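Participant: After the structure tokens below, expect a handful of questions from me.
Values quoted throughout were computed directly from the atomic coordinates according to the rules given, and no laboratory measurement underlies them. Since the structure is predicted, the reported quantities are computational estimates derived from the model, not experimental observations. When we count neighbours, we look across all protein chains shown, and the Cβ atoms used for this are built from the backbone with ideal geometry, even at glycine.
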Amino acid sequence: MQNKIKSYVQASIETKQKIVEDSTLITALETAANALITCARSNKKVYCCGNGGSACDAMHFTEELLARYKKDRAGIKAQHFLDPGTLTCWTNDYDYSTVFSRQAETLCEQGDILFAFSTSGKSENINNAIIAANEKGATTIGFLGKGGGEAKDLCNIAIVVPSDATERIQEAHITFVHILCEIVEDTLF
């Protein structure tokens with residue numbers, strides 16, 4: 001069992017090493033950080049969406065922005081598209097493919113950001129949300145994996161983890177969340 005544990009940790013390290021060596025990804029993450037700083041300075045809103053584990057990452061990100069990461073500070077306006085009442089109302093009356101795009105078209109405005117979490121970049125409801133947010137003038141940022149899928153070309157900023165393993169992608173996404181939170185707090189507070 002110890003060898004399995006070590007191999008899991010090693011696989012995570014190898015993915016992170018690929019990230020460190022990927023100048024395109026690092027530049028995209030820097031661009032996302034600057035967009036987030038501009039959004040917060042302008043008192044605009046950050047929205048997040050995802051499915052499954054990515055939904056949990058989206059919620060984690062919003063609470064780090066709204067409440068705090070490391071510093072006691074003013075909150076950054078952030079909301080996820082994962083309210084159970086809204087999800088079940090919309091999907092019961094319409095369908096799941098538009099549950100996030102409905103929220104994006106209703107809530108997103110010029111200057112806001114939508115962070116779309118998708119390990120594959122192929123989720124129809126995520127991609128529809130990106131399209132809707134783009135139409136409203138929001139900046140769309142994808143935390144993606146597995147080559148980025150269709151979402152890679154839909155997002156203004158695509159941050160694609162160089163892995164096909166869902167668990168490694170999700171580990172990287174939460175690392176990106178923490179990096180962005182740290183940069184924002186260090187810059188603004």
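Participant: Scan segment 163-181 and tell me whether some residue there is free of Cβ contacts under 8 Å to residues at least 24 places away in the same chain, within 24 Å of Gln103 (Cα to Cα) and either assigned to a helix (DSSP H, G or I) or among the acidic types (Asp, Glu) (or both).
Facilitator: Within segment 163-181, not a single residue is free of Cβ contacts under 8 Å to residues at least 24 places away in the same chain, within 24 Å of Gln103 (Cα to Cα) and either assigned to a helix (DSSP H, G or I) or among the acidic types (Asp, Glu) (or both).
Participant: When you scan segment 26-50, how many residues do you find that are buried (at least 18 other Cβ atoms within 10 Å of the Cβ) and either free of Cβ contacts under 8 Å to residues at least 24 places away in the same chain or out of contact with any helix residue (DSSP H, G or I) (no Cβ under 7 Å at 6 or more places or on another chain) (or both)? Break it down stepwise before answering.
Facilitator: Filtering segment 26-50 down to residues buried (at least 18 other Cβ atoms within 10 Å of the Cβ) leaves 28-29, 32-33, 35-36, 39-40, 44-50.
Then drop every residue that is not either free of Cβ contacts under 8 Å to residues at least 24 places away in the same chain or out of contact with any helix residue (DSSP H, G or I) (no Cβ under 7 Å at 6 or more places or on another chain) (or both), which leaves 28, 35, 39, 44-45.
Final tally of qualifying residues: 5.
Participant: Could you please find all residues in segment 41-68 being in a helix (DSSP H, G or I), within 16 Å of the chain's Cα centre (by Cα) and either farther than 22 Å from Glu171 by Cβ or of a type in the set (D, E, K, R) (or both)?
Facilitator: First pass over segment 41-68, keeping only residues in a helix (DSSP H, G or I): 41, 53-66.
With the extra rule that they be within 16 Å of the chain's Cα centre (by Cα), the set shrinks to 53-66.
Correct list: Asp57, Glu63, Glu64, Leu66.
Participant: Lys16 versus (1) loosely packed, with under 13 Cβ neighbours inside 10 Å; (2) in a helix (DSSP H, G or I): which is the lone unmet condition?
Facilitator: Of the numbered conditions (1) loosely packed, with under 13 Cβ neighbours inside 10 Å; (2) in a helix (DSSP H, G or I), the odd one out for Lys16 is (1).
Participant: Of all residues in segment 98-133 being under 13 Å from the mean Cα position of the chain (by Cα) and assigned to a helix (DSSP H, G or I), which is farthest from Lys146 (Cα to Cα)? If you could, list the steps in order and put the result at the bottom.
Facilitator: Within segment 98-133, the first condition is being under 13 Å from the mean Cα position of the chain (by Cα), and the residues that meet it are 113-121, 126-127, 129-130.
Okay, now just the ones that are also assigned to a helix (DSSP H, G or I), so 126-127, 129-130.
Numbers: Ile126: 15, Asn127: 15, Ala129: 19, Ile130: 18 Å.
Filtering segment 98-133 for residues that are under 13 Å from the mean Cα position of the chain (by Cα) and assigned to a helix (DSSP H, G or I), the one farthest from Lys146 (Cα to Cα) comes out as Ala129.
Participant: Ok, one more. Return a yes/no flag: does segment 68-82 have any residue that is under 18 Å from Ile159 (Cα atoms), surrounded by fewer than 15 Cβ atoms within 10 Å (Cβ to Cβ) and not hydroxyl-bearing (Ser, Thr, Tyr). First the steps, then the outcome.
Facilitator: Filtering segment 68-82 down to residues under 18 Å from Ile159 (Cα atoms) leaves none.
Checked against the condition, which is being under 18 Å from Ile159 (Cα atoms), surrounded by fewer than 15 Cβ atoms within 10 Å (Cβ to Cβ) and not hydroxyl-bearing (Ser, Thr, Tyr), segment 68-82 yields no hits at all.
Residues checked against (1) within 14 Å of Lys45 (Cβ to Cβ); (2) in contact (Cβ under 8 Å) with a residue 40 or more places away in the chain; (3) in contact with a helix residue (DSSP H, G or I) (Cβ under 7 Å, 6 or more places away or on another chain); (4) polar (S, T, N, Q):
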{"residue": "Asp72", "(1), (2), (3), (4)": "no, no, no, no"}
{"residue": "Asp93", "(1), (2), (3), (4)": "no, no, no, no"}
{"residue": "Leu114", "(1), (2), (3), (4)": "yes, yes, yes, no"}
{"residue": "Gly142", "(1), (2), (3), (4)": "no, no, yes, no"}
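Participant: Kindly evaluate Thr88 against the criterion of being β-branched (Val, Ile, Thr), free of Cβ contacts under 8 Å to residues at least 24 places away in the same chain, in contact with a His (Cβ under 6 Å, 6 or more places away or on another chain) and not in a loop (DSSP other than H, G, I, E, B). Write out each step before concluding.
Facilitator: Numbers: β-branched (Val, Ile, Thr): yes; free of Cβ contacts under 8 Å to residues at least 24 places away in the same chain: yes; in contact with a His (Cβ under 6 Å, 6 or more places away or on another chain): no; not in a loop (DSSP other than H, G, I, E, B): yes.
No, not satisfied.
Participant: Restricting to segment 134-154, and then to whatever is under 11 Å from the mean Cα position of the chain (by Cα) and not small (Gly, Ala, Ser), can you tell me which residue is farthest from Leu25 (Cα to Cα)?
Facilitator: Going through segment 134-154, the residues under 11 Å from the mean Cα position of the chain (by Cα) turn out to be 140-144.
Applying the additional criterion that residues be not small (Gly, Ala, Ser) yields 140-141, 143-144.
Details: Thr140: 16, Ile141: 12, Phe143: 11, Leu144: 11 Å.
Looking at the filtered set, the residue picked out is Thr140.
Participant: Can you find a residue in segment 8-16 that is of a type in the set (Phe, Trp, Tyr) and touching a helix residue (DSSP H, G or I) at 6+ places or on another chain (Cβ under 7 Å)?
Facilitator: Looking only at segment 8-16, we keep the residues that are of a type in the set (Phe, Trp, Tyr), and these are 8.
From the residues that got through so far, the ones that are touching a helix residue (DSSP H, G or I) at 6+ places or on another chain (Cβ under 7 Å) too are none.
No, segment 8-16 contains no residue that is of a type in the set (Phe, Trp, Tyr) and touching a helix residue (DSSP H, G or I) at 6+ places or on another chain (Cβ under 7 Å).
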